[in-house]
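First comes the structure, then the notes that go with it.
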Amino acid sequence: MKLTADEAIVRLEVPGRPAPQGSKKGFARGGKVAMVEMSRHVKPWREDVRTAAEKWIADHPGLYPIQGALSVDMVFSIARPKGHFGTGRNAGVLKPSAPAYPTGAPDLSKLARSTEDAITSAGLWSDDSRVVHYGRLEKQYVIGPDDASPLFDPYVMRVPGAVIVIRTLEVAW
């Protein structure tokens, strides 16, 4: 049985603060070096993703872990800094100088890494090495509560988090 890359088999909407994995700091402990994640937000983010993936598995039993080649979309919705908005009566108004995209930290590839590892630990796929293609891999700012555009992007959330879509390129489970 073959599926095309256009057929989504999993769609997760994960609210929470996306956090990167990979930046570590070493500490000497008893003659050994202990490596600790630099971001205190990694563990809660991985727990949010794992919980969403485990719920998906529970709601769709019998198909997991996925064993074939996978295409994955990950769109991370990042909260805008307060400095992007006006003050006083313009407190909810975006400044004209505010950037369209979140070009600062966190690093996109490290966000993907922490998210993939959480999905693996949940058992949704057997290993993140199954991911052979990214469709969309992006950081976007959250959509504001007043944005009722008919061109609304279903991948961008109204709260911080991520939309993760997994498609099979071939089925092997």
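The values are calculated or read from the model by the stated rules, or taken from the named source; none is laboratory data. These figures come from a predicted structure and were not determined experimentally. No Cβ is skipped: glycine too gets one built from the backbone with ideal geometry, and neighbour counts run over all protein chains shown.
With the condition kept exactly as written, say whether any residue in the stretch 58-70 is acidic (Asp, Glu) and within 29 Å of Tyr141 (Cα to Cα). So far as the stretch 58-70 goes, no, none of its residues is acidic (Asp, Glu) and within 29 Å of Tyr141 (Cα to Cα). The set of residues in the stretch 61-90 being of a type in the set (A, V, I, L, M, F, W, C), farther than 17 Å from Asp128 by Cα, in contact (Cβ under 8 Å) with a residue 24 or more places away in the chain and surrounded by fewer than 19 Cβ atoms within 10 Å (Cβ to Cβ) consists of Ala79 alone.
Taken together, the criteria exclude Trp56 from residues that are within 16 Å of Gly16 (Cα to Cα) and either of a type in the set (Gly, Ala, Ser) or at pLDDT 90 or above (or both). Scanning the stretch 96-140 for residues that are within 21 Å of Pro160 (Cα to Cα) and among the charged types (D, E, K, R), we see that the one that is surrounded by the most Cβ atoms within 10 Å (Cβ to Cβ) is Glu116. Any chance the stretch 16-33 includes a residue that's closer than 15 Å to Glu138 by Cβ and not in a helix (DSSP H, G or I)? Checked against the condition, which is being closer than 15 Å to Glu138 by Cβ and not in a helix (DSSP H, G or I), the stretch 16-33 yields at least one hit.
Comparison of Pro106, Pro99 shows that the only residue that is within 14 Å of the chain's Cα centre (by Cα) and not in a helix (DSSP H, G or I) is Pro106. Return the pair list, or none, for Cβ contacts closer than 6 Å from residues in the stretch 117-144 that are part of a helix (DSSP H, G or I) to residues that are of a type in the set (Val, Ile, Thr) and surrounded by 16 or more Cβ atoms within 10 Å (Cβ to Cβ), at least 6 apart or on different chains. Close Cβ pairs (under 6 Å, with a partner that is of a type in the set (Val, Ile, Thr) and surrounded by 16 or more Cβ atoms within 10 Å (Cβ to Cβ)) amount to Ala118/Val49; Asp128/Thr120.
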